[in-house]
Amino acid sequence: MPGFELFGDLERKEVNDVLDNGVLMRYGFDAMRKGHWKAKELESELSKVFNSKHVQLVSSGTAAVSVALASAGIGAGDEVIMPTFTFVASFEAIMMLGAIPVLVDIDDTLTLDPEAVKNAITSKTKAVMVVQMCGSMGNMDALRSICDKHNLVFVEDACQAIGGSYKGKALGSIADVGCFSFDFVKTITCGEGGAVVTNNENYYTNADHYSDHGHDHIGKDRGAETHPNLGYNFRISELNAAVGLAQVKRLPEFIEIQKKNYSIIRESLSEIQDVTFRTVPDGGVESYAFLNFFLPDLEKARKVSEAFKTNGIDACFHYYDNNWHYIRKWDHLKDLKSLYPISKEVKEGIEYLKTKSFEQSDYHIARNISCLIKLSWTEDEVKERANKMAELIKSII
Ligand SMILES: *Cc1c(COP(=O)(O)O)cnc(C)c1O
């Protein structure tokens with residue numbers, strides 16, 4: 001991560017194809033487009049990568065989550081279980097539909113603790129959303145069986161984990177419906193973009209319609225198409241899709257580089273007693289987009305994070321003190337600071353956040369440091385960084 005580090009001729013060529021005929025929209029204008037259908041091509045490419053029947057591209061990862069939930073029929077007053085550690089997009093996407101985000105503790109996989117999920121289920125619960133944070137994953141078998149037992153939709157946000165797998169299946173393709181982001185800092189970027197991935201024919205058709213104002217996409221005349229249901233506009237443009245099309249062909253190369261760089265740093269930190277690593281569930285293979293490790297306590301983690309910053313080790317995050325990825329700093333959510341009135345259901349549904357504490361999540365996130373693995377580092381740079389990181393940590397613990 002991120003794919004933009006290695007932009008080159010491939011990206012340029014795909015974008016120029018689009019500019020040559022000037023059709024920036026993914027639907028219609030058949031005669032003008034000289035055979036270029038970048039969004040369609042990217043969808044079929046992604047469906048091969050994920051070994052999944054259907055892929056619907058949309059305008060962002062946040063849109064992907066909203067479209068996925070809407071396509072599965074989740075809306076006003078429904079409860080969606082999600083982890084305390086994620087990106088703000090998770091609750092935004094849920095609340096946009098008038099549904100209620102129910103935050104639960106994470107374990108040392110850094111996503112949903114299956115026990116916490118079980119304890120949070122009520123008669124209003126409709127879905128469980130696992131967020132495959134920082135290139136790894138939750139315990140998918142345990143979560144799957146909870147969802148099956150309680151008849152819940154299983155949603156998988158794999159925005160940060162493209163290229164990872166669980167028991168041979170691509171992350172994002174395992175739950176009932178998966179979501180990806182191709183924003184500017186993700187492993188594969190479109191500039192802005194996202195995707196909904198599913199084997200469920202019905203969810204796919206809903207996503208296809210809903211993300212384009214309800215258009216049923218039957219026939220060759222957009223104006224004559226019918227609208228079986230209400231929809232919105234979450235379309236991706238051809239320009240964005242073109243960039244993604246070039247990038248997705250390089251995914252195996254990107255994952256190889258991430259793995260190589262990750263391994264060098266991990267090996268160096270492994271030698272330090274008191275540094276431990278996140279748990280990757282049995283059968284899981286990380287995407288190597290990040291290296292996550294734990295220090296003995298909050299104070300030491302803060303000191304290490306500070307030392308990294310002042311010594312030029314960039315792109316390492318101590319999420320406990322971060323405004324965007326962890327419940328602790330989400331006062332705008334807890335206080336429901338909305339520009340517009342929020343429904344009574346959501347207001348009441350979110351009341352619990354004012355008083356609820358998440359000690360188990362705090363325990364993990366307070367001690368965790370998450371380092372982005374870049375694609376553009378040379379081998380010498382990674383080795384130097386790995387040594388420096390180890391030295392700094394040793395000087396503190
Ligand atoms: C990036 C990200 C999103 C949102 O994607 P956008 O394309 O930026 O809207 C959602 N969830 C996670 C875990 C992300 O990292």
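Annotations for the structure displayed:
- Per-residue ³J(HN,Hα) for the stretch 108-125, Karplus 6.51 cos²θ - 1.76 cosθ + 1.60, θ = phi - 60°, Hz, x for Gly and Pro: 7, 7, 6, 9, 2, 7, x, 5, 5, 5, 3, 5, 9, 6, 10, 5, 8, 5
- Put simply, the amide H of residue 107, placed in the peptide plane, has neighbours under 5 Å in 113, leaving out anything fewer than 5 places away on its chain.
- Accessible area per residue in Å² at 1.4 Å probe, computed on the stretch 145-287: 43
- Legend: calculated FRET efficiency, residue 260 to residue 9, from the Cβ-Cβ distance at R0 = 22 Å, rounded to 0.05, equals 0.40.
- The largest accessible area among 309, 334, 259 belongs to the first residue in 309, 259, 334, and the rest follow in falling order (1.4 Å probe, all chains).
- Extension gain from residue 339 to residue 351, taking 0.36 nm per residue of separation minus the Cα-Cα distance: 2.5 nm
- In this label model, residue 311 and residue 381 are separated by 1.9 nm, measuring between points 7 Å along each Cα→Cβ vector.
- Cysteine residues of the chain whose Cβ has no partner cysteine Cβ closer than 4.7 Å: 134, 147, 159, 179, 190.
- 15 Å beta-carbon shell around residue 226, net charge (K/R +1, D/E -1): -3
- From its DSSP helices (H runs of at least four residues, each -39,500 (n - 2.57)), the chain gives a residue-normalised ellipticity at 222 nm of -11500 deg cm²/dmol.
- Over 23 Å between alpha carbons, listed pairs 40/260; 124/334; 303/334; 186/388; 124/167; 13/38: 40/260; 303/334; 186/388; 124/167
- Only protein heavy atoms count here; under a 1.4 Å probe, residue 237 has an accessible surface of about 40 Å².
- Residue-wise HN-Hα coupling along the stretch 327-338, computed from phi with Karplus coefficients 6.51, -1.76, 1.60 (Hz; x: Gly, Pro): 3, 3, 9, 8, 5, 5, 7, 4, 8, 6, 7, 10
- Pair residue 272, residue 142: separation of 7 Å Cα→Cβ label points (nm): 2.7
- Rolling a 1.4 Å probe over the protein heavy atoms leaves residue 225 with an accessible area of roughly 30 Å².
- For residue 184, the solvent-accessible surface with a 1.4 Å probe is about 100 Å², rounded to the nearest 10.
- To put it simply, the accessible area of the chain at a 1.4 Å probe is 51 percent carbon and sulfur.
- Karplus-derived 3J(HN,Hα), 6.51/-1.76/1.60, for each residue of the stretch 365-376, Hz, glycine and proline x: 6, 4, 9, 8, 10, 10, 10, 5, 9, 8, 8, 8
- Alpha carbon centroid spacing (whole Å) that separates the stretch 67-135 from the stretch 320-397: 17
- Model label sites at residue 359 and residue 321, defined 7 Å from Cα along the beta-carbon direction, differ in position by 2.5 nm.
The values are calculated or read from the model by the stated rules, or taken from the named source; none is laboratory data. Bear in mind that the values here come from a model prediction, so they are computed numbers and not experimental data. Glycine gets a Cβ as well: all are built from the backbone with ideal geometry, and neighbour counts include every protein chain shown. Accessible surface areas use protein heavy atoms only, side chains included; no ligands, DNA or RNA. Shrake-Rupley method; radii C 1.70, N 1.55, O 1.52, S 1.80 Å.
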